[in-house]
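One structure below.
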Amino acid sequence: MDALPRPATGPSLRLQLYVIVLAMMLLFIGALLWLRIDATRASVREEITGSNRVAAQLLERVSWIFARGGPPAMLEFLDRLGRVRANEITLVDTDGRELYHSPPSSYKEGRSAPDWFTDLVTPPLQRQQIRMPGATLTIESNPSRAILDGWDDLWQLAGATALALAAVLAAVVGAVHRALKPFGQIVAGLQRLQQGDYAARLPALPGREAALIGDAVNRLGEAIETTVQQRIAAHAAEQRLADSRDWARRVEQRLEAERREIAAELHDELGQSVTGIRSLARSLATRLPEHDTMGRDAAQLIDTEAARLYDAMHGLIPRLTPLTLGPLGLPDALQDLLASLRARHAGTEFALQIDGADGPVDPEPALAAYRTVQEAVNNALKHSGAQRIAVALRRNGERMHLTITDNGRGLPATEGPAGRFGLRGLRGRVEALGGRFEARNADGGGACVQVELPVRAPEAGA
């Protein structure tokens with residue numbers, strides 16, 4: 001029994017579609033987030049650029065204020081100035097004491113972006129120092145608020161895209177479920193076919209691809225069902241033919257047995273009776289007086305008719321059964337058959353060629369070969385006016401080949417009615433033994449009968 005196919009392994013089509021859609025969505029979201037991060041980086045760069053401009057303007061004023069009022073004037077100026085955008089301003093005296101530090105920004109106070117995000121979007125910062133007599137003014141860019149704005153925008157975008165992703169995935173799941181639902185019916189239909197339900201058919205399926213596959217599955221089921229029915233019918237026909245051949249073979253065997261019994265009765269009983277009649281007729285003829293010519297003629301007539309009956313009986317016996325086939329074998333039986341025909345048909349030339357046919361042959365194939373030669377030669381003598389008949393017997397391993405040719409008028413265009421002993425009957429007999437039979441007209445004129453038979457008869461019922 002053939003092994004059942006292994007179940008398919010690997011991800012399903014549904015899962016593959018989900019993975020593809022999810023991967024595309026993640027790539028799209030990643031692109032959006034990267035664009036948002038790039039925009040934040042650009043915003044921070046602009047913030048730093050603006051801070052540098054403010055620092056440059058401040059530099060223009062600081063020297064003038066410090067020159068006029070000294071450190072107190074500078075502190076008053078810085079207190080009044082307060083926080084300048086994204087800048088950290090520090091005033092330190094020559095002893096390192098911090099005289100002033102700009103107040104912290106009140107915008108989104110207490111919050112800051114993660115360090116990794118800050119490092120990702122922050123360009124190199126610039127620090128500027130202004131050295132004055134007795135103090136140093138340091139101005140350093142601080143874009144933390146702009147970075148925090150970018151972080152908050154990124155979170156808002158991530159939340160919106162997550163909601164969009166969930167909505168898209170829900171829509172995809174529903175669409176894929178509806179699109180792949182017919183394929184479950186297709187798989188179920190194929191499983192029914194695999195289980196032997198060849199009459200199973202799929203209904204009309206939605207979707208162009210599913211409809212085409214469903215139609216193909218239905219056609220496959222119809223083809224399988226038709227093939228199975230044809231094979232069942234062919235098997236039944238072969239079984240009936242085998243039964244017919246077996247029956248014909250048994251009938252042939254029974255007929256041959258009857259022929260042998262009749263031939264034996266003719267040879268033993270009737271032959272002895274005819275011989276006795278001839279002996280009595282001859283004895284009567286010798287005992288009658290010379291002047292009883294009528295009685296002596298009657299006795300001679302009885303002897304002559306008995307002799308003719310004896311010859312006719314001995315000519316009939318080989319047609320009933322070849323008595324020499326059993327003890328002498330097929331080659332000698334064919335030689336004896338052609339010798340008797342040669343004696344009765346002096347104007348016809350008979351030729352027999354035997355090649356490698358000395359081995360033993362089962363009785364049934366041997367008798368079929370003998371009957372073929374007998375029927376083909378009788379047809380040539382009676383119906384075709386043949387003047388030369390050739391018989392060739394050749395053995396090749398476990399097969400023997402028999403060819404009978406003549407130079408007569410050939411076979412008729414249409415085969416005559418089926419007969420028990422005609423060529424059509426011989427065909428069935430040869431084929432029942434597992435052989436091959438062919439009767440045709442030869443190219444140069446005349447008929448050609450070719451038979452191939454096994455030397456061993458098949459077992460009964462085989």
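Within the shell defined by Cβ-Cβ distances under 12 Å, the residues around Ala390 carry a net charge of -1, with Lys and Arg each +1 and Asp and Glu each -1.
How much accessible area per residue does the chain have, in Å², with a 1.4 Å probe? With all protein chains present, the chain gives 61 Å² per residue. Taking the 0 to 90 degree range and rounding to the nearest ten, how far is the long axis of helix 271-287 tilted relative to the main principal axis of the chain, both from C-alpha atoms? Orientation of helix 271-287: about 10 degrees from the principal axis.
Carbon-plus-sulfur accessible fraction, the chain (probe radius 1.4 Å, protein heavy atoms only): 57%. Is the stretch 80-156 best put as rounded, prolate or oblate by its Cα gyration tensor, with a ≥ b ≥ c the root eigenvalues, rounded for a/c under 1.5, and otherwise prolate when a/b is larger than b/c, oblate when not? Prolate, because a/c is 1.5 or more and a/b exceeds b/c.
Is it possible to state the helix-based mean residue ellipticity at 222 nm for the chain, with each DSSP H run of 4+ residues giving -39500 (n - 2.57), the sum divided by total residues, to the nearest 500 deg cm²/dmol? What is it?
Here the helix-only value at 222 nm equals -21500 deg cm²/dmol.
Distance between the 7 Å Cα→Cβ label points at Ala233 and Arg201: 1.9 nm. Taking amide H atoms as placed 1.01 Å from N in the peptide plane, the amide H of Arg388 lies under 5 Å from those of Glu349, Asn407, each 5 or more residues away in sequence or on another chain. How would you classify the chain from its alpha-carbon gyration tensor, with a ≥ b ≥ c the square roots of the eigenvalues: rounded for a/c under 1.5, else prolate if a/b is greater than b/c, otherwise oblate? It comes out prolate by the Cα gyration axes. Roughly how many debye, to the nearest 20, is the charge dipole of the chain about its Cα centre, given +1 on each Lys and Arg Cβ, -1 on each Asp and Glu Cβ, and no other charges? Roughly 1020 debye, rounded to the nearest 20.
Using the Cβ-Cβ distance between Met313 and Ala346 with R0 set to 25 Å, the FRET efficiency works out to roughly 0.70. In this simple spin-label approximation, Arg53 and Ala179 carry label points 7 Å from Cα along the Cα→Cβ vector, and these lie 5.2 nm apart.
Nearest 0.05, what FRET efficiency do Arg14 and Thr226 give at R0 = 51 Å with Cβ-Cβ as r? So, using R0 = 51 Å, E works out to roughly 0.90. Highest mean packing first, where packing is the average number of other Cβ atoms within 10 Å per residue, the peptides 31-44, 152-165 line up as 31-44, 152-165. Taking amide H as placed 1.01 Å from N in the peptide plane, Leu99 has its amide H under 5 Å from the amide H of Leu91, Val92, Asp93, each at least 5 places away in sequence or on another chain. How tilted is helix 293-320 with respect to the longest principal axis of the chain? Cα atoms for both, answer in degrees (0 to 90, nearest 10). It is inclined by approximately 10 degrees.
The phi torsions of the stretch 329-343, fed into the Karplus equation with coefficients 6.51, -1.76 and 1.60 and a -60° offset, translate into couplings of x, 5, x, 5, 5, 5, 4, 5, 4, 5, 5, 5, 5, 5, 5 Hz, rounded to whole numbers, with Gly and Pro shown as x. Between Ile65 and Glu261, the contour length at 0.36 nm per residue exceeds the Cα-Cα span by 55.0 nm. Along the stretch 74-82 the Karplus relation, 6.51 cos²θ - 1.76 cosθ + 1.60 evaluated at θ = phi - 60°, assigns HN-Hα couplings of 5, 5, 4, 5, 5, 4, 6, 5, x Hz to successive residues, with x for each Gly and Pro.
Using R₀ = 22 Å, calculate the FRET efficiency as 1/(1 + (r/R₀)^6) where r is the Cβ-Cβ separation of Arg440 and Gln387; round to 0.05.
That pair, Arg440 with Gln387, gives E of 0.65.
Between the stretch 353-398 and the stretch 121-199, the C-alpha centres lie 94 angstrom from each other.
Local charge for Pro454 was computed over the other residues whose Cβ lies under 9 Å away, with Lys and Arg +1 and Asp and Glu -1, and equals -1. Residue separation of Gln126 and Asp243 scaled by 0.36 nm, minus their Cα-Cα distance, works out to 31.3 nm of gained length.
Given 0.36 nm per residue, what is the gain on full extension from Glu76 to Arg208 after removing their alpha carbon distance, in nm?
Details: separation 132, 0.36 × 132 = 47.52 nm, distance 8.24 nm.
Difference between extended and current length: 39.3 nm.
Rounded to whole numbers, the Karplus 3J(HN,Hα) couplings from phi for the stretch 33-49 are 5, 5, 5, 5, 5, 5, 5, 5, 4, 5, 5, 5, 4, 5, 4, 5, 4 Hz, using 6.51 cos²θ - 1.76 cosθ + 1.60 with θ = phi - 60°, and x at Gly and Pro.
The values are calculated or read from the model by the stated rules, or taken from the named source; none is laboratory data. Computed from a prediction, not measured in an experiment: that's the story for all the values here. All Cβ positions, glycine included, derive from the backbone under ideal geometry; neighbour counts span all protein chains shown. Note: areas computed on protein heavy atoms with side chains; ligands, DNA, RNA excluded. Shrake-Rupley method; radii C 1.70, N 1.55, O 1.52, S 1.80 Å.
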